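All remarks here apply to the structure that follows.
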Amino acid sequence: MTGTEKRDQGRSGYLIGLKWLIAAIAVGSSWSVLADWSALNMTQGVTEISREVYDLHMLIFGICVLIGVIVFGIMIWSMLVHRKSLGHEPATFSHSTKLEYAWTIIPIFILIGMAVPATSTLRDMYDSSNADIDIEVRGYQWKWQYTYLNDDPAQEVKFMSSLLTPPDEFYNRAPKREHYLSDVDNPLVIPINKRVRFLITSNDVIHSWWVPDFAVKKDAIPGFVHESWAVVEEPGIYRGKCTELCGKDHGFMPIVVKAVEQDEYENWLAMKQQEAKDVYETVGKTWSMAELMETGETVYAQHCQTCHQANGQGIPPAFPSLVGQGMAIGDLDAHVDIVVNGKAGSAMQAFAAQLNPAEIAAVVTYERNAWGNDVGDLVQPREVNALIVAKE
Amino acid sequence: MSAVIENHHDDHHHGPDKGLMRWVLTTNHKDIGTLYLWFSFAMFLVGGCMALVIRAELFQPGLQLVVPEFFNQMTTMHGLIMVFGAVMPAFVGLANWLVPMMIGAPDMALPRMNNYSFWILPFAFGMLLSTLFMEGGAPNFGWTFYAPLSTEYAPPSVTFFIFAVHLMGISSIMGSINVVVTILNLRAPGMRLMDMPLFVWTWLITAYLLIAVMPVLAGVVTMMLMDIHFGTAFFNAGGGGDPVLFQHVFWFFGHPEVYIMILPAFGVVSAIIPTFARKKLFGYDSMVYATASIAFLSFIVWAHHMFTVGMPIAGELYFMYATMLIAVPTGVKVFNWVATMWQGSMTFETPMLFAIAFVILFTIGGLSGLMLAIVPADFQYHDTYFVVAHFHYVLVPGSIFSIMAAAYYWLPKWTGNMYDETLGKTHFWLSFVGVNVTFFPQHFIGLAGMPRRYPDYALQFADWNMVSSVGAFIFGFSQLLFLFIVIKCVMGGKKATDEVWDGAEGLEWTIASPAPYHTFSTPPALPERATA
Amino acid sequence: MSSESTYESYYVPHNSPLPIFASLGIFLTVYGGGNILNEMSAGTDSNFGATVFALGSLVMATTLFFWFSKVIEENHAKMYSQQMNKSFVWGMSWFIFSEVMFFAAFFGALFYVRFWVVDWIGGEGERGPSNMLWPDYVPQWPLLNNPNPEIFSTPQGVIGAWGLPLINTILLVTSSFTVTFAHHAINDGERKKIIGWLVVTIALGVLFLFCQAYEYYEAYVHLGLTLNSGIFGSTFFMLTGFHGAHVTIGTIMLIVMLGRAMKGHFTKTDCFGFEAAAWYWHFVDVVWLLLFVLVYVIGT
Ligand code: HEA
Ligand code: HEA
Ligand code: CUA
Ligand SMILES: [Cu+2]
């Protein structure tokens, strides 16, 4: 091969390289026009912190893309041009101290460039002082409990928040509606422009409380409490998820936070406090079997069914059957006790923290008389209440 | 040399035994390498089928195929089997085949123990898989088995899971001791450490990592066992313990573990690229130092998996900075590969295609890893599909591609036959497309907010999940082609020359193809010193 | 480093049935063990687990016996070169390193709970808010009041450092010396002395185990310090227990070495088996010293 021929081949190699590059850029740019980026990217969120995090994300993403483009660009160029089929002869170099220093040191500076904003954002996120409102967030298998802490325990508002989507929808027996798997019965309500501190913990296994729009994700660890906070700037409904594998219904314990104006929040809080008082009035009265069974059925469906199943058969051995065996047809006191106090170290929770005495009485009665158990006895809310009070 | 030795030497003139017993009783590094490789491939299929169950379930929103309990078992077993059953044994198999041939050793240093290391594995995985049929089902707490889900709330089969992990650990430790001893003690006379092929270097360092961290894994599963059966309080705050303690100990093992799955891959790629670029590897020394630095750093970054557990801010910052540093030595490697290709005279046979895809796709995975290291951003990424995308990019087109590249590259040496190049390229392109279609969209799903380990998801994630599932099936089924190509090559084909690839360097290319049952019974004379 | 010796031939055994039996043995042992534990937890009385476990241990022990016999036999047949011995040396060293890492996990756990968790639950540091869940808890080490005493029984006290543990320290340190004397005796070729020092070492090891058993008895019966008494008991029993298990293994090794010494196996240039056992013994000793300081002296 003569010198000119080689040079020609080399040049055609470069031309081919250029063509490919142009094609790649064309494809890449048309694709990015077509795609709806907001559905593909991290949310900007509604707090100052979440926007800082978003900017940080875009910064590091941009840097990574740039590095990728440069490195892959060089590689692809080399692949297109330095090929044997184009007659390219291999060079003989195998090291270059200068280059090697350069590509050790330059990345360090790039990394520093990322670390600086990351550090300052993190510091902001970790400063959870001066909260206006303290809310305890407690993970349960598989729902959340929110407690609005108050120096006066009688004023505390406490409720469970669990998935609203009916099983029919996830078993494809009913059409899936908007907010499929993202809706709860009782959302967390917070006022806007207030510093809300979340004290996150768990009752059983590790969960993780994540609301993307607040850039808050904190693991709920049994026996420990971790803090996080948010100042939400816009009223709205913000949805999140449990992000730590917590057992079979890990995918079914969403989070919904409703941010409202201050006065709306106050009204809501007052209403909740009143509700809590009302409940205790119903505890005093004597309930009929039919009333108990009716309430019991709804409570069961809401609180017990995930584990013990709609037909009471459970999923042994993890979740025992309640039909025709064990406590549900045995000693009434033991039955009430396990529902009130749960069983330590098992998924069976202490429901006294979640249900009021009337609901507990109802669900126990229901279990004893449904699915052919037909034990026939019932328990009154006031008896359950006496038990709970005695324990305290 | 005494007469006695000669007497016991006669087996060197024999070939392998016949029949099944050859494989059960063998002490030959090539046989054991083959066993490891087939075992690993079988596990890849099993783990892959579990991945396909996962992807099939996630094809659409709603629960179609499996119930959530079973989905969790699939996720857990998929992760465990791929990590401990597919990738690690594959690399041990490659080490068995190649390290003695590359350093001019007669065999592995401790051949009987070598066989023991292998044969523990089928028992261990048999036991692990049998948990699928136990009452209460298989482990369902993720391959990271965080306490207390894996202790107080676990199905009874967790006991067997724990013992299976112990067995794998014993196997890995013995296997690695063998590799280290072989490399340190059995090099051909005159071969200095800095003369060793990079694959040998990376394995030396990997083996060291394994010996250091597998016992820690054994320690943490032992603590679990005690918490479950003997009432200790390691992971229970009620007794003064801490569930987070589990995570610290686990990730002290777990992070080096991920480098265990990538360092040998670096070695493979560092062997292949120079061959097909017809150019010496760029920056050999810095490759060695970079590997060592990565290994060192891997011990001090573990808590980057735990940014959301509520560590003190000093811890978060420290682990962030330390993790970011890993980009530097890894970058050195990537740049060295690029510089090796630069001004080369490249051809693109199947091994080279896989190696180049490795460099590009691993880098994408590495860059997303770097994003995960940035704590505030990780609060948003953590436990979403963004993480799943990250680690599949480094593991599938990373580790798995490198294993395939290695298989294509050395198959002619192992079998004496060339594989079918057209089929090989087809396999590559199908895999390349499949892998990207599967895992690239997972970046989007993750950023948009889909958590991992979810059997069902909200409607806005539907489109990309569907794409991802389609990709998974394309990728999965193309592996059948790989199986076919390998079997075809073992059965026959164009005879390979001894050198196989023009310009391939290293002792393994100086011996016959297929490599004789016993190589280097007397140490080879080294070619002229490569580095000086 | 390998250059001087490689010209000798390196012995590669032709196939061997030992590993597959060892695999089977270890599998049956753990499979049986797993069944025993699950039967215990489920409260069923079946002896399936125990049977399999016993069978597995038998297979394992027999295989190991034949394995080591084979190695000794090959060594006597002069099939091992200098280089082979070096492989054994490296192999044993890395094995001991892996054991070090195993203990490191437990020491790490102790360190973590002792220096962080106790205070966090007590209300200090960045995880301090946790204290709101455990209002009655007072941070202290050793932990004598568990955050949740309903599940984790409260011990009355812990084992102080300056009684039995000190005696045990003296026993083990002394035994490290005596095993070294045995080594010197091998170098000098004095068989009687080898045997004598080995017997002393083994006796010290057994005495140590005896003291430790007594200590456990004290802890369980008089102090209420058990595996179930919270994190102090957990770390205490895991560390000392695994250490004790290693002393037991080391003692068995030494007993085997005693048997071999009686048969006149060891010479100055050929005593790797003995050396390996001695290293193991020193390793066990070093772990004890760490334990003594970290668990007993500054821990109680
Ligand atoms: C082979 C396996 C492998 C490899 C090599 C890596 C490599 C890296 N990983 Fe990855 N990782 C996993 C396997 C792996 N990872 C797995 C399995 C998980 C999930 C476990 C689980 O939870 O189940 C995980 C999770 C994981 C997390 C936790 C995420 C979370 O759960 O929230 C983090 C966080 O820091 C992380 C970071 C990194 C980093 C920084 C690297 C670095 O080593 C990458 C370095 C490489 C590059 C950066 C690219 C090349 C460099 C250049 C081109 C130079 C120039 C670049 C710059 C200057 C930026 N990984
Ligand atoms: C080396 C490790 C490795 C490898 C190779 C893979 C390979 C694959 N992985 Fe895996 N993965 C992990 C390691 C790995 N994974 C880990 C550690 C986790 C985390 C687990 C956890 O959360 O605990 C995980 C989790 C994980 C998830 C998230 C699950 C969840 O969060 O719930 C998903 C989902 O898409 C997934 C998909 C896949 C796919 C499609 C492949 C494909 O590449 C597989 C392709 C291979 C085959 C398909 C087999 C061969 C083909 C055939 C036999 C063809 C014939 C097939 C049929 C007849 C059906 N993986
Ligand atoms: Cu709760 Cu996941
Ligand atoms: Cu990591």
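The values are calculated or read from the model by the stated rules, or taken from the named source; none is laboratory data. Every value quoted in this text rests on a predicted model; they were computed, and no experiment measured them. Neighbour counts run over all protein chains shown; Cβ positions are idealised from the backbone, glycine included. Side chains are part of the model used for accessible areas, which takes the heavy atoms of the whole protein and leaves out ligands, DNA and RNA. Shrake-Rupley method; radii C 1.70, N 1.55, O 1.52, S 1.80 Å.
Could you tell me the calculated FRET efficiency between B:F296 and C:S41, based on Cβ-Cβ distance and R0 = 45 angstrom, to the nearest 0.05?
The value I calculate is 0.60.
All other residues with a Cβ under 14 Å from the Cβ of A:T165 taken together, and with Lys, Arg as +1 and Asp, Glu as -1, what is their net charge?
It works out to a net charge of -1.
Which FRET efficiency value, to the nearest 0.05, do you get for C:L144 and A:D374 by plugging their Cβ-Cβ distance into 1/(1 + (r/R0)^6) with R0 = 45 Å?
That pair, C:L144 with A:D374, gives E of 0.35.
Computed on protein heavy atoms with a 1.4 Å probe, what is the summed buried accessible area for the chain pair A and B, in Å² to the nearest 100?
Summed over both sides, the interface buries about 7900 Å².
FRET efficiency for C:L55 and A:N267, Cβ-Cβ distance as r, R0 = 56 Å, nearest 0.05?
Here the calculated transfer efficiency is 0.20.
Tally Lys and Arg at +1 and Asp and Glu at -1 over the other residues with C-beta under 13 Å from the C-beta of A:S129: what net charge comes out?
Neighbour charge sum, excluding A:S129 itself: -3.
Counting other Cβ atoms within 10 Å of each Cβ, which chymotrypsin sites (Phe, Trp or Tyr not before Pro) in segment A:81-124 have at most 15 and sit in a DSSP loop? Can you show the working numbers first?
On the way: sites: A:F93, A:Y101, A:W103, A:F109; in loops: A:F93.
Answer in residue order: A:F93.
Using protein chains only and a probe of 1.4 angstrom, how many square angstrom of A:E281 are accessible, to the nearest 10?
For A:E281, solvent-accessible area is about 140 Å².
Ignoring ligands, DNA and RNA and using a 1.4 Å probe, state the total buried accessible area between C and B in Å², rounded to the nearest 100. Write out the running numbers ahead of the final one.
Numbers: alone 17060 and 21290 Å², together 31600 Å².
The contact between B and C buries close to 6800 Å².
Between exposed trypsin sites (Lys or Arg not before Pro) in chain B, where DSSP calls loop and at most 16 other Cβ atoms lie within 10 Å, what's the longest gap?
Counting at most 16 other Cβ atoms within 10 Å as exposed, the longest clean stretch of chain B is B:193-493.
Looking at segment A:143-178, which chymotrypsin sites (Phe, Trp or Tyr not before Pro) are in a loop (DSSP not H, G, I, E or B) and have at most 15 other Cβ atoms within 10 Å?
Passing sites in segment A:143-178 are A:Y171.
Rounded if a/c is under 1.5, else prolate if a/b is larger than b/c, else oblate: which is segment C:14-79, with a ≥ b ≥ c the root eigenvalues of its Cα gyration tensor?
prolate
What average number of partner chain Cβ atoms lie no more than 10 Å from the Cβ of the residues making up A:99-111?
Per-residue shielding by partner chains comes out at 5.
Pop out the carbon and sulfur fraction of the accessible area of segment C:14-79 as a percent, whole number, probe 1.4 Å.
It is 74 percent, rounded to a whole number.
Carbon and sulfur: what percent of chain A's accessible surface (1.4 Å probe)?
Working: 10720 of 18420 Å².
Carbon-and-sulfur percentage of accessible area, whole number: 58.
Of A:E261, A:E52, which has the most accessible area with a 1.4 Å probe, and how do the rest follow in descending order?
These residues rank, largest area first, as A:E261, A:E52.
With every protein chain left in place, what is the accessible area of B:T144 in Å² (1.4 Å probe, nearest 10)?
Using a 1.4 Å probe on the heavy atoms, I get roughly 10 Å².
In chain B, what percent of the accessible surface is made up of carbon and sulfur (1.4 Å probe, ligands and nucleic acids excluded)?
So the carbon and sulfur contribution to the accessible surface is 71 percent.
Starting from the 7 Å offset along Cα-to-Cβ, what nm value, one decimal, do you get for the label separation of A:M58 and B:T422?
Inter-label distance under the simple model: 5.1 nm.
With runs of 4+ DSSP H residues as the only contributors, calculate the mean residue ellipticity of chain C at 222 nm using -39,500 (n - 2.57) per run, divided by the residue total and rounded to the nearest 500.
Rounded to the nearest 500, the figure is -23000 deg cm²/dmol.
Could you sort the residues of segment B:228-265 by number and keep only those whose accessible area is reduced by 50 Å² or more in the all-protein-chain setting relative to the chain alone, 1.4 Å probe?
Buried-area filter returns B:H229, B:F230, B:F234, B:A237, B:G238, B:G239, B:G240, B:D242, B:L245.
If you plug each phi of segment A:302-311 into the Karplus form 6.51 cos²θ - 1.76 cosθ + 1.60 with θ = phi - 60°, what whole-Hz ³J(HN,Hα) values come out, in order, with x for Gly and Pro?
7, 10, 10, 4, 3, 9, 7, 6, 4, 8
With n ≥ 4 as the cut-off for DSSP H runs, can you work out [θ] at 222 nm for chain B, using -39500 (n - 2.57) per run divided by the number of residues, rounded to the nearest 500?
Calculated mean residue ellipticity at 222 nm is -21500 deg cm²/dmol.
Multiplying the sequence separation of A:Y171 and A:I74 by 0.36 nm and subtracting their Cα-Cα distance, what value in nm do you get? Intermediate values should be presented prior to the final figure.
Numbers: separation 97, 0.36 × 97 = 34.92 nm, distance 5.05 nm.
So the chain would gain 29.9 nm between A:Y171 and A:I74.
What nm value, rounded to one decimal, do you get for the distance between A:I237 and A:T92 when each label is placed 7 Å out toward the C-beta?
7.4
What is the local net charge at C:I159, summed over the other residues whose Cβ is closer than 10 Å to its Cβ (Lys, Arg +1; Asp, Glu -1)? List each step's numbers first, then the result.
Values: positive: none; negative: C:E215, C:E218.
The answer is -2.
Tell me, which longest segment in chain A has none of the trypsin sites (Lys or Arg not before Pro) that fall in DSSP loops with at most 14 further Cβ atoms within 10 Å?
The answer is A:1-172.
Largest first and in whole Å, give the semi-axes of segment A:133-278's equivalent ellipsoid, each being the square root of 5 times a Cα gyration tensor eigenvalue.
Rounded to whole Å, the semi-axes are 24, 18, 16.
Whole-Hz Karplus ³J(HN,Hα) for segment B:212-223, in order, using 6.51 cos²θ - 1.76 cosθ + 1.60 and θ = phi - 60°, x for Gly and Pro?
Along segment B:212-223, the couplings run 6, 9, 4, x, 5, 4, 4, x, 6, 5, 5, 4 Hz.
Keeping all protein chains in place and using 1.4 angstrom, which order do C:E74, A:E178 fall into by accessible surface area, from largest down?
Details: C:E74 5, A:E178 145 Å².
Per-residue accessible area, sorted high to low, gives A:E178, C:E74.
For segment A:171-182, take each phi angle, set θ = phi - 60°, evaluate the Karplus expression 6.51 cos²θ - 1.76 cosθ + 1.60, and give the result in whole Hz per residue in order, putting x for glycine and proline.
Result, rounded to whole Hz: 8, 6, 9, 9, x, 7, 8, 4, 6, 3, 6, 10.
Roughly how many whole Å is it from the C-alpha centroid of segment B:80-121 to that of segment C:180-241?
37
How much area per residue is accessible in segment B:22-509 when the probe is 1.4 Å and only protein heavy atoms are counted (Å²)?
Computed with neighbouring chains in place, this is 23 Å² per residue.
For B:N417, list long-range residues whose amide hydrogen, built 1.01 Å from N in the peptide plane, is under 5 Å from its own amide hydrogen.
Sorted by chain and number, the residues that satisfy this are B:A496.
Do you know which residues of segment C:63-103 lose at least 40 square angstrom of accessible area in the protein assembly compared with their chain on its own, with a 1.4 angstrom probe?
Residues of segment C:63-103 that lose at least 40 Å² of accessible area once the other chains are added: C:W67, C:M79, C:S87, C:W90, C:W94, C:F97, C:S98, C:M101, C:F102.
Helix-only mean residue ellipticity at 222 nm, chain A, DSSP H runs n ≥ 4 weighted -39,500 (n - 2.57), per residue, nearest 500. What is it? It would help to have the intermediate numbers written out before the result.
Values: 11 runs with 176 residues, N = 392.
Counting only the DSSP helices, I get -15000 deg cm²/dmol.
If you count only protein heavy atoms with a 1.4 Å probe, what accessible area per residue comes out for chain A, rounded to a whole Å²?
The answer is 47 Å² per residue.
What is the set of long-range amide H partners of B:M346 at a cut-off below 5 Å, with H atoms built 1.01 Å from backbone N?
When sequence neighbours closer than 5 places are left aside, the close amide H contacts are A:R83, A:K84.
Compare each residue of segment A:294-335 in its chain alone against the assembly with all protein chains, and report those whose accessible area goes down by 10 Å² or more; 1.4 Å probe, heavy atoms.
A:I315, A:P317
Tell me the accessible surface of B:H382 in square angstrom (1.4 angstrom probe, heavy atoms of protein chains only), to the nearest ten.
20
Can you tell me the Rg and Dmax of chain B, counting just the alpha carbons, in angstroms?
Answer for chain B, Rg first and Dmax second: 23.0, 78 Å.
What distance in nm lies between label points placed 7 Å from Cα along the C-beta direction at A:E156 and A:K285?
With each label placed 7 Å out from Cα toward Cβ, I get 2.9 nm.
Return the long-range amide H neighbours of A:I190 (sequence gap of 5 or more, or a different chain), with a cut-off of under 5 Å between placed amide H atoms.
HN-HN under 5 Å from A:I190: A:K258, A:A259, A:V260.
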